[in-house]
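The values are calculated or read from the model by the stated rules, or taken from the named source; none is laboratory data. Because the structure is predicted, anything quoted here is derived from the model rather than measured. Because the Cβ atoms are built from the backbone with ideal geometry, glycine has one as well, and the counts that use them run over all protein chains shown. To get the accessible areas, we keep the full protein, side chains included, count just its heavy atoms, and leave off ligands, DNA and RNA. Shrake-Rupley method; radii C 1.70, N 1.55, O 1.52, S 1.80 Å.
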Amino acid sequence: MRREQLLQALEELAEKIGIEIRYEKMGTISGGLCRIHDGKVILINKSLSDSSKIELLSAELATEKEKLEEIYVLPEVRDRLGLS
């Protein structure tokens with residue numbers, strides 16, 4: 001799976017479990033998962049490389065294992081998140 005495809009698959013997975021993703025200008029901060037009101041949002045520095053965005057998304061989504069076990073996750077994405 002190419003980086004662009006993996007990034008898109010991770011974004012779609014976040015959406016399926018109710019996590020919004022926002023790309024923002026954040027200076028030197030990479031980003032991370034946060035709660036805003038009753039929802040969860042992953043903020044990502046839009047100046048990061050695709051590889052760094054994938055690492056950040058993978059790390060944050062891996063913390064949501066209970067929700068991820070309830071839905072289908074592509075095998076390559078599952079491996080990336082350490083769910084296998």
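Evaluated over the chain, the count of Lys pairs having alpha-carbon atoms less than 20 Å apart is 11 (only pairs 8 or more residues apart or interchain). Using a probe of 1.4 angstrom and keeping all protein chains present, the accessible surface of the chain works out to 64 square angstrom per residue. The GluC sites (Glu not before Pro) found in the range 29-79 that occupy coil by DSSP, while having at most 15 further C-beta atoms within 10 Å, are Glu69, Glu70.
How many percent of DSSP beta bridges within the range 1-83 run antiparallel, rounded to 5? Around 50 percent antiparallel, to the nearest 5. For the chain, the gyration tensor built on C-alpha atoms gives an oblate shape. Its axis ratio a/c (a ≥ b ≥ c) is at least 1.5, and a/b is not larger than b/c.
In the chain, helices alone account for a calculated mean residue ellipticity at 222 nm of -12500 deg cm²/dmol, with every DSSP H run of four or more residues adding -39,500 (n - 2.57). In the chain the longest region clear of trypsin sites (Lys or Arg not before Pro) that are loop-assigned by DSSP and have at most 15 other C-beta atoms within 10 Å covers 47-84.
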